[in-house]
Amino acid sequence: MKRLTLITSVIAILLGMATVLYAADNEKEITVRGKLQKTVEAGGWLIVSGDTKYLILNAKTFQKESWFKEATNVEAVGEPKEVMTTFMEGTPFEAKTMKPIQNQATATPGSDDKRLVTRVMVGGDSIVQAQPDTAIVTISVVTQAKQALDAQQQNANKSDAVVRALKSAAGTGAEIKTSNYSLQPIRVYKEGQPPTITGYEARNSVTVTLSNLTKIGEVIDAAGQSGANDVSGISFTIRQDRPARDRALLEATGEALSKARVIAQSLGGRVVRVVEVQEEGFQRPPQPIYQTDSFMVKREGAPTPIVIGSLDISARVQLIAEIETNL
């Protein structure tokens with residue numbers, strides 16, 4: 001009687017357990033037994049088998065069945081898939097067949113079911129090139145005179161002419177604004193003597209932001225012809241950089257996941273889920289193309305040539321993945 005009671009208890013315990021039966025190593029298909037459960041994925045469903053969860057990638061195929069509801073015990077035959085989902089809850093699993101089953105004792109898992117799960121941390125980098133859509137040109141008018149007021153007035157007259165010329169050359173879509181103004185004494189230093197002020201220098205810097213990149217040379221020439229005598233720099237950037245940033249992030253994430261899979265394969269296992277992905281930022285500094293310390297007041301012939309190159313946008317992510325192995 002005691003022996004019969006013990007056997008009955010064992011069977012009762014087995015009835016309450018969800019079981020996964022793994023196929024042979026040379027087959028991709030596995031048989032999963034467990035309970036249906038909703039997941040945080042939009043419209044997603046899981047098969048919960050013990051401590052393991054399987055995310056049903058094609059749950060819509062079976063949702064029309066009357067038995068497809070939470071807590072139903074099912075048996076599904078299919079293949080695990082190495083794909084990324086929004087929340088990565090459970091191992092992605094594509095079921096070929098699925099049917100409800102009654103609570104029953106199942107075969108005891110063999111030695112192939114003794115799998116270990118470990119975590120790896122990998123990084124992914126990506127650099128993509130994109131064409132700039134905006135140019136930033138900084139143009140200055142520098143004047144010098146013995147008296148501060150003279151330097152200031154001369155600068156004001158020339159700067160006014162330069163701004164009018166820039167507005168005409170740049171067109172209606174450009175943004176023109178003063179970025180810096182200074183009035184400073186010119187000092188002469190002699191050894192053993194205090195510095196002597198010999199005059200004053202006024203500097204008025206104007207920044208021109210252009211969306212029409214074909215007008216860059218024309219803007220520079222117009223500034224020089226109207227009295228500007230210094231260009232502190234030209235740089236190119238991207239205002240609408242979201243597509244390029246998304247592409248860089250996608251490639252960086254793909255590289256990190258590829259590294260995790262290589263590590264898993266070297267250990268004789270596979271990636272079962274991504275635990276965490278952390279973006280480490282983008283780099284998209286404006287690219288300087290043209291710089292000079294002096295400016296030609298008059299240019300003859302062809303306009304100033306400006307070569308527009310591509311910009312490098314880089315992204316980096318750090319990824320933590322769980323790897324299931326037989327070690």
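Key figures for this structure:
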| read-out | value |
| --- | --- |
| Charge sum, other residues only, whose C-beta stays under 13 Å from I186's C-beta, Lys/Arg counted +1 and Asp/Glu -1 | +1 |
| Residues whose placed amide H lies under 5 Å from that of E75, excluding near-sequence neighbours | K99, I101 |
| Calculated P(r) tail over 16 Å for the stretch 134-237, as whole % of Cα pairs | 58 percent |
| FRET efficiency for E65 and T172, using Cβ-Cβ distance with R0 set to 41 Å, rounded to 0.05 | 0.05 |
| Label-point separation in nm, K35 to E276, each point 7 Å along Cα→Cβ | 3.0 nm |
| Nitroxide proxy distance, nm - points 7 Å out along Cα→Cβ at D150 and E201 | 1.8 nm |
| Cα-projected label distance for N180 with Q240, points at 7 Å along beta-carbon direction, nm | 3.2 nm |
| Dipole magnitude of the stretch 134-237 about its Cα centre (Cβ charges: Lys, Arg +1; Asp, Glu -1), debye to nearest 20 | 120 debye |
| Label zone at T214 (point 7 Å along Cα-to-Cβ), backbone N below 18 Å, the stretch 133-163 | 133-135 |
| Peptides ranked, highest mean first, by Cβ atoms within 10 Å: ranges 52-61, 220-229 | 220-229, 52-61 |
| Segment M84-T97, length gained on full extension (0.36 nm per residue, minus Cα span) | 2.5 nm |
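Any read-out appearing in this document is the output of simple, stated calculations on the displayed coordinates, not a laboratory observation. Quick caveat: nothing in here was measured; it's all calculated off a predicted structure. All Cβ positions, glycine included, derive from the backbone under ideal geometry; neighbour counts span all protein chains shown.
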